[in-house]
Amino acid sequence: MAIERQRELRRRRSRRKKVAIYERKAAKANASEKTVLAQKIRALTPGAASIIGRLGLESR
């Protein structure tokens, strides 16, 4: 495997772990905390819109 591919996979795995942590926090969060979690997920990953919609962090 190329070095760049290994970095890509490592980034993907770390994003997955962080999103799992945010999912657990979102289950217990109130409205203002959900907004903060949505901002963190947007900064974390390019697929943030689908994750935020799935977790119901922002209902518009």
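Every number in this text was worked out from the coordinates using simple rules, so none of it is lab data. All of these numbers come straight from a predicted model, not from anything done at the bench. All Cβ positions, glycine included, derive from the backbone under ideal geometry; neighbour counts span all protein chains shown.
Annotation for region 37-56 versus region 7-30: alpha-carbon center distance of 10 Å.
Report relative contact order for the chain in percent, whole number only (criteria: Cα-Cα under 8 Å, sequence separation at least 6). It would help to have the intermediate numbers written out before the result.
On the way: 26 pairs, mean separation 17.3, N = 60.
After rounding, I find 29 percent.
Over all directions, the projected convex hull of the C-alpha atoms in region 1-54 averages 3.9 nm² in area. For the Cα atoms of the chain, what angle does the longest principal axis make with the long axis of helix 31-44, in degrees from 0 to 90, nearest 10? Rounded to the nearest ten degrees, it is 20.
Among residues other than Ile3 whose Cβ falls under 14 Å from its Cβ, what is the net charge (Lys/Arg +1, Asp/Glu -1)?
Numbers: positive: Arg5, Arg7, Arg10, Arg11; negative: Glu4, Glu8.
Summing Lys and Arg as +1 and Asp and Glu as -1 gives +2.
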